[in-house]
Amino acid sequence: MSPTGAPTAAGLSTPAGIALYVGALLGPSLLLLPGLAARIAGPASLVAWALLLVLSGLLARVFMELGRTLPGADGVVGYTRAGFGPGRLGAGAARVVGWCFLAGVVLGAPVVCLIGAGYVADLIGGDPTATVLLAAVLLAVVVAMALAGRAVRGGVQLALVALLAVLVTVAVLGAAPHARGGNWTPFAPHGWWSVGRAASVLMLSFVGWEAISPLVARLRDPGRQLPRVIGSAFAVTAVIYLGLAVVTVGVLGQRAGTGVPLADLLDVALGGTGRYLAAAAAVALTLAATNAYLSGAAELAGRLRGAGTGRRGHDVQLAVAGIGLLVLGLVGAGLMTLDALVAVPTALFVTVYALCTAAAVRLTTGGTRVLAALACAVVLVILGFSGWALLAVVAVAGPAVVAGRASGRHRVPAAPTCAPLTSARRAAPSRR
């Protein structure tokens, strides 16, 4: 994937590398997931956040080594194909990764539109029906932008992610003095099993390390810069995630399960102005993220079919819009909730991670192999908590394998190295 506005000739500086890594990990899902996790597990959701931060560190190390070992690989598809070998097993695993990734991108678009619409509806006092209608309008706008060739530039996307980080920081620091100890009891109101269910949803905020592993080759001095870049990016995201998680529970208490936790925290920190800022940021992030999803989906679909984008890219974008509107219709009719909708793309992305880390076990050696095996085991446990959303994985993976056998082709085209739901910039189309 083409990084956002970074120089290429002279190589990336350490600050630029840190900015891109942080940008790959933060995104619109952060507007919803702290509240959703609190709704699932109560204050014990903080345990899920902490465990996933440990996993995030493992994934950072694994994908760093994959980037070093296979600098010319085609992202997650290339890593999987290399790890499982050039035969049928490698081709099948890589095809499953590609199609799961594409399905996650397609289903991620309505999720992000609903997140952004929820903040606007909260501001104007709209009901769930208004939220769905606003989400449909947002999706229609980005489809029109994509068909007109109005792509949101990477620099703009990265700036919006920076705005999100600033708003979260203001919300955390401003609302923290209003935290109450009583909001932490009972600590696990829904039992400890709910921590696993919360982790399976929160995994959406930790998808991203694979998206920037190709940047290893673009650093000026990878051996010296990479530890600093990854260490700094991990520290920044860890502070933001944990800070937001703690303050969401400590300040909001029983209201922590809201669908607009950042708006509620900014309301406490800044008063009524906070909700306007949160709504404006949510809309901007939604437009940028969904625009990138449509572009990324068109390119990925073209590669999986062995074709370019061109006019077919428009067809894919319209198809994505159609699927998105169908999903929004199901939500509007009460046949699907936002909570359930989030679980589906998350399970698809976790499947991608499971196959990639399994491939890493075969590609790496020594301590990195041990870390890859540990990461793979943890990811599989999280995948097991996906529940009924695993049916979506089967529905995508099964036809992908059958299609691969029917075509008789074992080479799987590259997928854009992006992790859409977590970052607005991450799903931008590859220009390598």
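Since every read-out is calculated from the coordinates, none of them should be taken as a lab result. Fair warning: this is a prediction, and the values are worked out from it, not measured in the lab. Ideal geometry is used to build each Cβ from the backbone, glycine not excepted, and the neighbour counts take in all protein chains shown.
A prolate overall shape is assigned to the range 218-257, the ratio a/c of its alpha-carbon gyration tensor axes (a ≥ b ≥ c) being 1.5 or greater and a/b exceeding b/c.
I want the local charge near ARG61. Using Cβ-Cβ distances under 13 Å, sum +1 for each Lys or Arg and -1 for each Asp or Glu among the other residues. Kindly include the intermediate steps, with their values, before the conclusion.
Numbers: positive: ARG68, ARG369; negative: GLU65, GLU210.
Cβ neighbours under 13 Å give a net charge of 0.
Here the label points at ARG369 and ALA140, each 7 Å from Cα along the C-beta direction, are separated by 5.7 nm in the simple model. Here the Debye sum runs over all C-alpha atoms of the range 30-97 as equal scatterers in vacuum, and log10 of I(q)/I(0) at q = 0.13, 0.15, 0.24 Å⁻¹ comes out as -0.58, -0.68, -0.92. The stretch between HIS190 and ALA176, if pulled fully straight at 0.36 nm per residue, gains 2.5 nm over its current Cα-Cα span. Each Lys and Arg adds +1 at its Cβ and each Asp and Glu adds -1 at its Cβ; summed about the Cα centre, the range 14-422 shows a dipole of about 1220 debye. When you count the other C-beta atoms within 10 angstrom of each residue and take the mean per peptide, 13-25, 384-396 line up highest first as 13-25, 384-396. Legend: translational diffusion of the range 14-422 by Stokes-Einstein, Rh = Kirkwood radius over C-alpha pairs, 25 °C, 0.890 mPa s; D = 115 µm²/s. Look at THR129, THR248, THR351, THR69 and count the other Cβ atoms within 10 Å of each Cβ; fewest to most, that gives THR129, THR69, THR351, THR248.
The charge dipole of the range 1-133, taken about its Cα centre with unit charges on the Cβ atoms of Lys, Arg (+1), Asp and Glu (-1) only, comes to about 460 debye. Multiplying the residue separation of LEU380 and LEU163 by 0.36 nm and removing their Cα-Cα distance gives an extension gain of 74.8 nm.
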